[in-house]
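> Before I ask anything, here is the structure I am working with.
The values are calculated or read from the model by the stated rules, or taken from the named source; none is laboratory data. Treat the numbers as computed from the prediction; the structure is a model and nothing was measured. Here the Cβ positions follow ideal geometry from the backbone for every residue, glycine too, while neighbour counts run over all protein chains shown. We work out accessible area using only protein heavy atoms, side chains counted, and drop any ligands, DNA or RNA first. Shrake-Rupley method; radii C 1.70, N 1.55, O 1.52, S 1.80 Å.
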Amino acid sequence: MKRLPKIENLTVEFKTSFNDEVIVSLVAFSNAKGGTVYVGVSDTGKALGVTVGQESVQNWINEIKNKTSPQIIADAEIFTIGGKTIVALSVIEYPIKPVSVRGKYYKRTGNSNHLLSLDEIANEHLKTINSSWDFYVDPNHSVSDLSEEKIAKFVNVIRQNENIRQVGLSDVEILNKMEILRHGKVTFGAYLLFVSDYCAISDVQIGRFKSDITIIDSISLNSDLFQEVDGIMAFIKKHLQVEYIITGELKRTERFDYPLDAIREIVVNMVVHRDYRDSSASIIKIFDDRIEFYNPGKLYDGITVADLLSGNYTSKSRNKLVAKAFKETGMIERYGSGIMRVCKICKDYGVKEPDFNEIFNGFQAILYSKKTEIVDVPENIAEEDMEKDGEKTVGKTVGKTVGKTVGKTVGKTVGKTVGKTVGKTVEKTMTMIIENPKITLKKIAELTGLSRRGIEWNIQELKAKGLIERVGTKGGYWNLKIENVTDKDVHEFTNNQKLSSEKTMDKDMNKDMDKDGKTTVEKTVEKTVEKSGEKSIGNGKSRGETVEKSRGEIINSITDKDINEFADNQKLSLGKSSESLGKSSESLGKSSESSGKSSEIILLAIEKNPMITINDLAKLAGLTTRAIEKIISKLKLNDLIERVGIGKGSYWKIKIENEHRT
């Protein structure tokens, strides 16, 4: 006994009578997976029956044939349910797509018939002939619009294929063989891959955002697709934060806040699978906590986001020629695995899993920098139990690799260069929190040489000033609020730190003071700052309380001689104070001046010579290049300086509007 399906779906449609809507459904089925229209059934699946004459069904089949192009011929089956006559009209998926009814094209999607757009109509046709739009000849461009150098570079990679190398084909012959050129004419794909200059249809817009509406840096790219991948990666990498992990090896390890492999995978997929017939640009937005990638063109061939994440789909490319070219160069390893690979990379890197969405007739991917776990040490990582102001963090101590290596390497490598006090200041404490947000109080005390109580007091002051915060309890981490940190905060905090520790100062401190009660470092600072236009107010007042001149007056009054003299005096005073001060006063007083004034030297030197190198800065400040790089990194994090350009011709730029120097 024949039974009716319970509901309408991808291959089932109910109609109470035969009319043009029946033909529309059959056309939609033909452009999808095939299906059946049950005539004489209500929308709810109830058998109502239909009156059928001797020639009725044959007439219906003829009408379907005459109103469709290419013509489709439906199979008909007549049966009864509960005494009601039902006619089932069925079609298979048509091999030559798309099929139309009176000039309109439909495709079955879910349980409804979708009217195809012009782009969708074109895609259906290209899929039928196993091709894509980028294989077709571009009528607006010729071979003269292509770069011979880019073609030669591409072909050199292709020649690594043994079969092609044996044949001994020329560059043009290889491109013709790959159908990148069609009978010597440029295809859309060839234009995108090897355009010599400006490419109007490959527009990519990238911006660094401090908020949803505030852009602090941006770039537009309109080049060939291979160059665009490199350009996008360079801009994104420029705006990533990086921490340097000391592993005991000669070369330090860099860890960016986002996994570069995941970024590159998304960028390559953007470039390869974008719908270049859409006039919209690809857009990348870099925020403090995420990177958003938007590409024109939704997922191709009916694939859903759920399909992507599960891997339950057959990969099909919108731009087959472009995809093939990227695969031949090794920039794509295999088809259909990109999104799952991105998810795995993020998971292994210890950051939040990415999001993928179809929005605004396009596709969006979002990467997050939020960490889910610490992954930069090979051994088991732990945290100590910490209780402070009612907060309790239960964990284990930082593992052997970080604890022993950081403690020893910082002490030996950095300590020899800038004195035993480096690494024991408030500024260093904030740096350690940046480099390892999971660091414990015990580990900070170990690295700085301060007592547990002293570190707790430091942390409490930083929290009170809104410079740091503790996120979470068990397994929590420190969050440094970079936007709130200024040099003034550091100076004031250091002065308070010094006052609180005066009672515990080593008696040798007095040996380094003159009759006015000023230390060698204080006198050196006052003398040098006066030369640069800032006069300290002594007699009991803190060094942070100064009378400022206008920035223009200060800069104009500074000479190279002033900078060199300041650096020499600074190094001399640090050498003397290292011998005379006890460990307590070294950690709380002198190292803060050293770090702060080293930053001042660097800023002044950059102001005088924006083209100055890291090596020259190291010689000027009397520090190692590694120490200079750390100071530069902190100045960048505080949004005080930025590097403009890449390689030769690049220079330093001081962001005046963000400086807070007293």
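> So, in nm, how far is label VAL157 from label LYS84 when the simple model puts each one 7 Å beyond its Cα toward the Cβ?
With each label placed 7 Å out from Cα toward Cβ, I get 6.2 nm.
> Moving on. Rounded to the nearest 0.05, what FRET efficiency is calculated for TYR313 and GLU292 with R0 set to 25 Å and r the Cβ-Cβ distance?
Efficiency for this residue pair is about 0.55.
> Right, here's the next one. What net charge is computed for the residues neighbouring PHE360, neighbours being all others with C-beta under 13 Å from the C-beta of PHE360, Lys and Arg scored +1, Asp and Glu -1?
Result for the local shell: -3.
> Taking 7 Å along the Cα-to-C-beta vector as the label spot, tell me the ASN9-ALA464 distance in nanometres, rounded to one decimal.
Going from the ASN9 label point to the ALA464 one covers 6.8 nm.
> Just to check I understand the Karplus step: with θ = phi - 60° and J = 6.51 cos²θ - 1.76 cosθ + 1.60, what whole-Hz values come out for segment 183-195, glycine and proline as x?
So the Karplus estimates, Gly and Pro as x, are 6, x, 9, 7, 8, 4, x, 4, 4, 5, 7, 10, 4 Hz.
> Given q = 0.20, 0.25, 0.28 Å⁻¹, what are the Debye log10 I(q)/I(0) values for segment 153-225, with equal point scatterers placed on the Cα positions and solvent ignored?
Each listed q maps to, in turn, -0.87, -1.10, -1.19.
> Multiply the residue separation of LYS210 and ALA234 by 0.36 nm, subtract the distance between their alpha-carbon atoms, and state the gained length in nm to one decimal. List each step's numbers first, then the result.
On the way: separation 24, 0.36 × 24 = 8.64 nm, distance 1.91 nm.
Full extension of this stretch gives 6.7 nm more.
> Pull out the extension gain between GLU149 and TYR651, defined as 0.36 nm times the separation in residues minus the alpha carbon to alpha carbon distance; nm, one decimal. Walk me through the numbers before you get to the answer.
Details: separation 502, 0.36 × 502 = 180.72 nm, distance 2.94 nm.
Between GLU149 and TYR651, full extension yields 177.8 nm more.
> Another question about this same structure. Report, by chain and number, residues whose modeled amide H sits under 5 Å from the one on ARG182, excluding near sequence neighbours (fewer than 5 apart, same chain).
Here THR187 satisfy the definition.
> Now for a separate question. Under a plain spin-label model, where a point goes 7 Å from the Cα along Cα-to-Cβ, how far apart in nm are SER220 and SER56?
According to this spin-label approximation, the distance is 6.5 nm.
> Now for a different question. Starting from the Cα-Cα distance between LYS185 and LEU118, subtract it from 0.36 nm times their residue separation and give me the gain in nm to one decimal.
21.6 nm
> Would you mind checking the radius of gyration and Dmax of segment 72-113 based on alpha-carbon positions, in Å?
13.8, 39
> So, counting K/R as plus one and D/E as minus one, what does the shell of residues with Cβ under 15 Å around ASP43 add up to?
Within the 15 Å Cβ shell, the charges total 0.
> Before I look further, what does segment 129-235 give for accessible area per residue, probe 1.4 Å, in whole square angstrom?
53
> Something else now. Compute the signed sum of charges (Lys and Arg +1, Asp and Glu -1) over the other residues within less than 15 Å, Cβ to Cβ, of TYR276.
My count for the surroundings of TYR276 gives -3.
> While we're here: Given the peptides 353-362, 229-238, arrange them by the average over their residues of other C-beta atoms within 10 Å, most packed first.
Result, highest mean first: 229-238, 353-362.
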